[in-house]
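K.L.:
Could you have a look at this structure, given as structure tokens, before my questions?
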Amino acid sequence: MKSLQINLQDLNNYLLLLFGFFISVSIYVTDIIILLFCLSWLISGNFRVKIKSTLTNPITCATICFFFYFLVSHIWSNENIFNTLTQKQSLLLLLPILYTLKFNNKYIEKTKYTFLIGLCVNILFSIIQYVTQLKHLIKTGHYDEEVFARGFLDHFDYSIFLCFGIFLILSLVIKHKKHISYLLLASVFFIALINSYGRIGIVGFLIFLPFCLVTLQNSKYIYFIITIITLLITISYFSFSPFKNRIQNTIHSVQLLQNPPSLEEKIKLDAIYLAKKDSTKLTQEHFEEQILKDRVWIENIKNKKPQYETSLGQRYLFIKNSIKLISERPIFGCGANKFELIYNKQFENQRNNVIKHPHNNFIFIIIELGLIGLLSLLSIFYFHLKQFCISKEKTFIKFVLPTFFLFIMLFDNYFLNHNTLALFCLFSFIFYSNKTDTPIEHKSF
């Protein structure tokens, strides 16, 4: 039995290294590794000790409570508990599994590096894909017609991983004092980030960078990092069209929301669009005349709302409509797996396709699980931050993990998406589990 425990620990160590690498490279391999973690957890036994450890650790206990409440909410949603949403949210169980498995400390530390190596593979692949326009292995479904450096992940997940990867590199700069080599690597990651087409990763980096700079405690390196970042942003804006286009599109979307176009402007926009698409070289003025002669056409254009047709505009409309849904059942919510059905039924006249979530994790949770569900979710992050505050080693990367996720969850279901939720579980374990090389039954939480 003892030899089995040792063999399982060795297996866990190597699985952890592979998990760090494949988490940004392959969902399928990642899922196989997660399944092997589950099997190792079951085979290794000591369930009473594991359950006790899970329930006495505030982070894992809060995680279990949130997931249990999520399952219970199926009672008043009248939904089958075996659905896609449950499958996605069940990934949260990886957190207590990792916390209660046995690992060797040096492998936990090495996983940071395998994670960075995996991102390096993504960057290399994105460069090859950008140069050759390789269409195989890339994640499709968003901005398929746009030309930019794509990794193995979709653009919104890829930018999150790159952003967190940069902060992880900077934390290693502070820890190991190897400034030049790590800062060069961080520069490569940053160039990949600002050309990834993911806004939230870029904005998140700029918001959380000051927390990193404060911990450097060396004005020379602070000024150096700020100078390098400013230089890279400037060069990228004038050299790389994806970054420039993303900025211009964002500004245009904000302007549309602030000042929606008049009827005359909308007619002009339609005429410009039709003139560009017309193969017979008809002019913009011709299409404007044709539109003004047709009352039905004018009425259709009048009903258009181009301010809600952009990416930012759509998100604004989703949140605006979702707030109305919250007022109907604010305490317990409508139950798990109900958002898509309720939203699309109530706002059927405003949509062109099925809306699956409001691009805001907190609003999604309130609608489905109510304020009780939101408080249960926030408790997970509260206990992360509480442990950070009472810990002797207050590294900025430990602070960034929960606060960064709280920030990005304002813009999408990142605590439900497979890749980002797996990322949270992995680094919550690495930073907050307080693992030792001693057997789990001798470990106190």
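K.L.:
Per the helix-only calculation at 222 nm, which mean residue ellipticity applies to the chain, given -39500 (n - 2.57) for every DSSP H run of n ≥ 4 and division by its residues, nearest 500 deg cm²/dmol? Could the numbers behind the result be given before it?
P.N.:
On the way: 21 runs with 318 residues, N = 445.
The helix-only estimate for the chain comes to -23500 deg cm²/dmol at 222 nm.
K.L.:
In whole Å, largest first, what are the principal axis extents of the Cα atoms in segment 265-308?
P.N.:
For segment 265-308, the Cα extents along the three principal axes come out at 29, 23, 14 Å.
K.L.:
Residue by residue, what Karplus-based ³J(HN,Hα) values in Hz, rounded to whole numbers, does segment 62-77 have, using 6.51, -1.76 and 1.60 with θ = phi - 60° and x for Gly and Pro?
P.N.:
4, 5, 5, 4, 5, 5, 5, 5, 4, 5, 4, 5, 5, 4, 8, 8
K.L.:
Moving on to the next point. Could you sort the peptides 408-418, 187-197 by per-residue average Cβ neighbour count (10 Å cutoff), highest mean leading?
P.N.:
187-197, 408-418
K.L.:
Using the Cβ atoms and a cut-off under 12 Å, what net charge is assigned to the surroundings of Ser159, where Lys and Arg are +1 and Asp and Glu are -1?
P.N.:
Numbers: positive: Arg150, Arg199, Arg246; negative: Asp154, Asp157, Asp412.
Within the 12 Å Cβ shell, the charges total 0.
K.L.:
How many percent of Cα pairs in segment 221-306 exceed 19 Å?
P.N.:
Taking all Cα-Cα pairs of segment 221-306, the fraction more than 19 Å apart is 60 percent.
K.L.:
Please calculate how many Å² of accessible area the chain carries per residue, with a 1.4 Å probe and no DNA, RNA or ligand atoms counted. Don't skip to the answer; put the middle values down first.
P.N.:
On the way: 22620 Å² over 445 residues.
I get 51 Å² per residue for the chain.
K.L.:
Compute the distance from the alpha-carbon center of segment 374-431 to that of segment 13-51, in whole Å.
P.N.:
20 Å
K.L.:
Find how many whole Å separate the alpha carbon centroid of segment 84-111 from the alpha carbon centroid of segment 275-350.
P.N.:
Spelled out, the Cα-based centre of one part sits 41 Å from the other.
K.L.:
Something else about it: Within 11 Å, Cβ to Cβ, of His418, how many net charges do the neighbouring residues add up to if Lys/Arg are +1 and Asp/Glu are -1?
P.N.:
In short, -2.
K.L.:
To two decimal places, what compactness ratio does the chain give when its Cα radius of gyration is scaled by 2.2 N^0.38 Å?
P.N.:
1.10
K.L.:
Express the carbon and sulfur contribution to the solvent-accessible surface of the chain as a percent, rounded to the nearest whole number, probe 1.4 angstrom.
P.N.:
On the chain, the fraction of accessible area on carbon and sulfur atoms equals 63 percent.
K.L.:
Would you mind calculating the relative contact order of the chain from Cα pairs under 8 angstrom and at least 6 residues apart, reporting the percent as a whole number? Walk me through the numbers before you get to the answer.
P.N.:
On the way: 518 pairs, mean separation 95.5, N = 445.
Computed over the chain, the figure is 21 percent.
The values are calculated or read from the model by the stated rules, or taken from the named source; none is laboratory data. Model, not experiment: these values are computed from the prediction. Note: ideal-geometry Cβ built from the backbone for every residue, glycine included; neighbour counts use all protein chains shown. Accessible surface is based on the protein model in full, side chains and every heavy atom, while ligands, DNA and RNA are left aside. Shrake-Rupley method; radii C 1.70, N 1.55, O 1.52, S 1.80 Å.
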